[in-house]
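The values are calculated or read from the model by the stated rules, or taken from the named source; none is laboratory data. Because the structure is predicted, anything quoted here is derived from the model rather than measured. As a convention, Cβ positions derive from the backbone with ideal geometry for all residues, glycine included, and neighbour counts pool all protein chains shown. Heavy atoms of the whole protein, side chains included, go into the accessibility calculation; ligands, DNA and RNA do not. Shrake-Rupley method; radii C 1.70, N 1.55, O 1.52, S 1.80 Å.
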Amino acid sequence: MARLNLRRYITTGFIVLLIATLFFTKPATLSEAASEGMTVALTPQEREFIKGKKVRLGVDSARPPYEFIDDKGVYSGMSAGFIETCAKRLGVEIVLVPGLNVGAAMKKLKDGEIDVIPKISPDPQRTKDMLFTRPYSTFAAVIVTRQDVRYISGVDNLEGLKVAVLKGLIVETRVRRDYPNMPLISLPDIRTALLELSAGKIDVLIDNLAIVSYNIDRLGLNNLKIAGQTKYQYDMAFGVRKDWPLMASALDKALSGMSKQEKAEITDRWLNVEYQPGINWRVVGPIAAALLVIIVFVAIWNRRLSAAVSQRDAIQEEMRQYAKELESRAAIKSHISQISAVLQKAVANEELAREFLSLAVPLLGAAYGVLYIFDKNEQVLRSSGGYGCDMKDRTFAIGQGLVGQCALQRVPITMKGQSGSGIVINWGMGEASPAVITLRPVIQNTELVGVIELAGMAAMSKDALALLEELTPIIAVNIEILNRNLHTKQLLDSTQQLADKLNSQQRILKETETWYRDIIESLPDGILVVNQTGEIILTNLMADKIFGYGHGELIGRSVDILVPGATRAQHPAKRDAFFKMYETCHKEMGIDVHGVTVTGVRKDGSEFQAALGLSPLAEDSSRGICVCASIKDISTLKRP
């Protein structure tokens, strides 16, 4: 019994200790730390300078998790958290100037059109145009590749790979400085860079670890990996215009006044970074002192045992809920990764819709689903596939029906189902109208790419809505990639068809040429084709035989060698006169010579009588005007 009582008193003592802590001590929370740091020790000059100031911020609207403008138009991100905290403590008002990348922001800061850049890496070259505060975060620049890219040990091992960086950032400057012979591809933003890396247009991306990890997770690109680190680091600080040194020093003091826990909580809001504070002796000291008093009066504190147990149960319940939430988030991430991997293999809109709906609809607790993909050419939403229904090639114009209205307004639509809605959920033994119908627009880079239509017998759960929220941008990205691939395939198919047609025409042309050549070779008379300079460019077998030459031996020689020596000197002038007569007088109506008796000279020098016919040929771009001469040996016909 004494042993049980002793155990009871010891247990009670520790529980009472917990209660005493709640009564006599107060944890140093972030709000207290913030209140303690609210007063920034400024000089009179600094305080006078910032008084009533409106600070214009040069904001990069699409650089998450550092800074971006969210769907509701709110300035968000890690850098936003730090600058807003500092501005609040200094009592200055900030005015956003959005849509600026680093290069544009630096130019406006130099020209005095903005006052502060909330996210910029300090660099000696940049100190000529601005002042820097102390860094508020530091992350390494890492090497990102696809899963199928070879092993990479570092920046020195990137030969033969297409390496990309983001245009205008400090890492681009430093890589170009240290590796002047490395061909770098400058891309406009992280989203474009990761999508091109995933699609195989580039092989390597070098960028900030925080930005890379955040955006790979958001885009669901599970074929990418962080292959290694570099020697470069991103120190993020505030950049202040050169003529505002008092504002720069005031912001620097505001940053230095922030506790580690405050900085960690801002960072953890956007990144999964653990912060483990040290022992708070302001809490432990009073607890130790209270313990000595509590042990003496342990019996009195027994009355508070019930309240302590209740509080413990509440804490445990809160922990269980938190664990359940973590489990739910992990399940969502797993589902997204699985669905994303399957969608990346789709090669047609119908396959994409079928795979997406077959995986997503059951997870969302729905019993009916249709994916409409926007056809830019016809400006209609076309059903590419359905779950629990057959909705092939049904179309809606923008603004037509609830599907078109969802696309027009670009906002989700949820309504109660009712009979006559046109949506029926069928099963083996019957059918029923859905209780809830949900339509959600699919937007990619501010452009409509489709609409998801879902229906079920009950409203979606919180987890299902969270999963749908995460899946929507994933299907948007895959629709965009697939549309690009399909367009590329159409271009390749068209090119192949043109090539096949050209090859066919060339084959026909070659066959025709061979056919005509055979006709010429089979003629009983000799055929010579001569150009304006007198060069023989074509003969047939009979012409070679008549003049005693081997086949093709006359090609390239002058026709004058076939004329008797007595008249050979006058022949070029006669030939030129014939061509001139054709060009000046008879080009339109034509000129032909037939049955003229001439004397020819064979290869062995012997002469013979021949009947000559001349026919000018149509002018050719490569050969000019040519004459076709027909030769017939009549020497045997004139013998007695």
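Taking all protein chains as shown and a probe of 1.4 angstrom, TYR179 keeps an accessible surface of around 50 Å².
Length, then width, then depth: along the principal axes, the Cα atoms of segment 77-163 run 53, 26, 24 Å.
Diagonalising the gyration tensor over the Cα atoms of segment 526-640 and scaling each eigenvalue by 5 before taking the square root yields semi-axes of 23, 16, 13 Å, largest first. Rounded to two decimals, the Cα radius of gyration of segment 291-414 over 2.2 N^0.38 Å is 1.93.
Within the accessible area of the chain, the carbon and sulfur atoms contribute 56%, probe 1.4 Å, all protein chains present. For the chain, the longest principal axis of the alpha carbon atoms and the long axis of helix 209-219 meet at an angle near 70°.
Over the C-alpha trace of segment 86-126, radius of gyration and Dmax come out as 11.5, 31 angstrom.
Using only Cα coordinates, the Kirkwood hydrodynamic radius of segment 37-119 works out to 13.4 Å. With only Cα atoms counted, segment 463-556 has Rg and Dmax values of 31.0, 98 Å.
Per-residue Karplus couplings for segment 84-94, computed as 6.51 cos²θ - 1.76 cosθ + 1.60 with θ equal to phi - 60°, are listed in order as 5, 5, 5, 5, 5, 6, 8, x, 10, 9, 10 Hz, Gly and Pro entered as x. The angle between the Cα long axis of helix 281-296 and the longest principal axis of the Cα atoms of the chain comes to about 40 degrees, rounded to the nearest 10. The figure for ARG304 is an accessible area of roughly 100 square angstrom, using a 1.4 Å probe on the protein chains alone. To the nearest µm²/s, what D does Stokes-Einstein give for segment 511-583 at 25 °C and 0.890 mPa s, using the Kirkwood radius over alpha carbon pairs as Rh? D, rounded to a whole number, is 183 µm²/s. Available extension along the chain between VAL598 and ARG320 is 88.4 nm, counting 0.36 nm per residue and deducting the alpha carbon span. Per the Debye calculation on segment 441-480 with a single equal scatterer at every Cα and no solvent contribution, log₁₀ I(q)/I(0) for q = 0.27, 0.34 Å⁻¹ amounts to -0.92, -1.14.
MET182 sits with roughly 40 Å² accessible to a 1.4 Å probe, with DNA, RNA and ligands left out of the calculation. Counting only protein chain heavy atoms and rolling a 1.4 Å probe, the accessible areas of LEU305, LEU364 rank, largest first, as LEU305, LEU364. Positive-end ranking of GLN570, ALA199, ALA618 along the dipole of the chain, with charges on Cβ about the Cα centre, is headed by ALA199.
Highest mean packing comes first when the peptides 451-457, 550-556 are listed by Cβ atoms within 10 Å, giving 451-457, 550-556. Phi angles across segment 475-488 convert, under the Karplus curve 6.51 cos²θ - 1.76 cosθ + 1.60 with θ = phi - 60°, into 3J(HN,Hα) values of 5, 4, 4, 5, 5, 4, 4, 5, 4, 5, 5, 5, 5, 4 Hz, Gly and Pro given as x. Positive-end ranking of GLY81, PRO135, LEU109 along the dipole of segment 59-152, with charges on Cβ about the Cα centre, is headed by PRO135. Ranked from largest to smallest solvent-accessible area, with a 1.4 Å probe on the protein heavy atoms, ARG303, ARG507, ARG63 come out as ARG303, ARG507, ARG63.
For segment 458-514, the direction-averaged projected area of the alpha-carbon convex hull comes to 5.6 nm².
Could you pull out the pairs from LYS167/LYS462; LYS107/LYS253; LYS119/LYS201 whose alpha carbons sit more than 32 Å apart here?
Result: LYS167/LYS462 exceed 32 Å.
Computed with a 1.4 Å probe over protein heavy atoms only, the accessible surface of the chain comes to 56 Å² per residue.
Roughly what percent of Cα-Cα pairs across segment 127-224 reach past 23 Å? Of the Cα pairs, 26 percent sit more than 23 Å apart. Angle of helix 2-24 to the longest C-alpha principal axis of the chain, folded into 0 to 90 degrees and rounded to 10: 70°.
Here, segment 406-565 yields an orientationally averaged convex hull projection of 22.3 nm² when only Cα atoms define the hull. Less than 5 angstrom separates the built amide H of MET457 from those of ALA367, ALA435, all sequence-distant by 5 or more or on a different chain. Under conditions of 37 °C and 0.692 mPa s, the chain yields 97 µm² s⁻¹ as its translational diffusion coefficient, taking Rh as the Kirkwood radius over Cα pairs in the Stokes-Einstein equation.
Estimated at 0.36 nm per residue, the fully extended path between LEU491 and ASP178 surpasses their Cα-Cα distance by 108.6 nm. For the chain, the residue among VAL59, LEU448, LEU90 whose Cα projects farthest onto the positive side of the dipole built from Cβ charges is LEU90. Please list, or write none, the aspartates and glutamates whose alpha carbon is within less than 17 Å of the alpha carbon of LYS510, excluding same-chain residues fewer than 8 places away. Excluding near neighbours in sequence, the set is ASP500, ASP518, GLU521. When +1 charges are put on Lys and Arg Cβ atoms and -1 charges on Asp and Glu Cβ atoms, the dipole computed for the chain relative to its Cα centre reaches about 2200 debye.
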